[in-house]
1. Name the single residue that is nearest to ligand 2 (Cβ to nearest atom) among those in region 16-32 being more than 13 Å from THR59 (Cβ to Cβ) and either modelled with pLDDT of 90 or more or touching a Cys at 6+ places or on another chain (Cβ under 7 Å) (or both).
2. Residues of region 20-59 being touching a Lys or Arg at 6+ places or on another chain (Cβ under 9 Å) and on the phi > 0 side of the Ramachandran plot, which ones?
3. Going through ILE43, ILE69, ILE75, ILE13 one at a time, which residue ends up being closer than 25 Å to GLY146 by Cβ, among the β-branched types (Val, Ile, Thr) and either touching a residue at least 40 places away in the same chain (Cβ under 8 Å) or assigned to a helix (DSSP H, G or I) (or both)?
4. Does region 60-79 contain at least one residue that is touching a Lys or Arg at 6+ places or on another chain (Cβ under 9 Å) and within 16 Å of ligand 1 (Cβ to nearest atom)?
5. Of all residues being modelled with pLDDT of 90 or more and of a type in the set (Gly, Ala, Ser) in region 33-55, which is nearest to ALA135 (Cα to Cα)? Just the residue, please.
6. Name every residue in region 97-128 that is over 30 Å from ALA70 (Cβ atoms) and either within 16 Å of ligand 1 (Cβ to nearest atom) or not in a loop (DSSP other than H, G, I, E, B) (or both), in order of residue number.
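The values are calculated or read from the model by the stated rules, or taken from the named source; none is laboratory data. As the structure is a prediction and not an experimental result, all values here were calculated from the model. Using ideal geometry, Cβ is built from the backbone for each residue, glycine included, and neighbour counts are taken over all protein chains shown.
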Amino acid sequence: MQKNIVISKQSDIDGFNSFRCSLCGDEFKLDTNEVQEDDVLEIFCPSCGIPSPISSFYTDDITEHAQRIAMNEAIKSIDDMFRGLERKYRNNKYITLKAGRPIETTTPLPLYEQDNLEQVQFLCCSKNAKLSLVAKTVNPYCPYCGVN
Ligand SMILES: [Zn+2]
Ligand SMILES: [Zn+2]
């Protein structure tokens, strides 16, 4: 049984979502609509300038959120399976099956955007990003074309 889990995270008030470079650890934000344009397959880290696929820039909270949801789904399907067995063997005098208490699941933490970054515009691509103060002051790379 294959289940697709959709993770959605609300953008901040300006429509930006967080990304984190797995190489240098710097966090930045990009306009959600601009990132989702079809021709954007990779983004350049504004701090170290190294391009990577967008999925490698997902922040830890999203990864953790996805893992928890997947775990809850797994627990639920084991639970369901056991309950099904319990029903199946209900009238069987040789086998008695009793499902215990449901396994506890943990509710994923709500995902939210912090707003602690500075907005900059990259004129090369006329796109916006929000960068940490450090990245902003050291001549950042454009996340879309890598121009410094
Ligand atoms: Zn980086
Ligand atoms: Zn650019």
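1. Within region 16-32, the match that is nearest to ligand 2 (Cβ to nearest atom) is ASP31.
2. Scanning region 20-59 gives no hits.
3. Of ILE43, ILE69, ILE75, ILE13, the one residue that is closer than 25 Å to GLY146 by Cβ, among the β-branched types (Val, Ile, Thr) and either touching a residue at least 40 places away in the same chain (Cβ under 8 Å) or assigned to a helix (DSSP H, G or I) (or both) is ILE43.
4. Yes, the conditions are met somewhere in region 60-79.
5. Restricting to residues being modelled with pLDDT of 90 or more and of a type in the set (Gly, Ala, Ser), the top hit is SER47.
6. Scanning region 97-128 gives GLU118, GLN119, VAL120, GLN121, PHE122, LYS127, ASN128.
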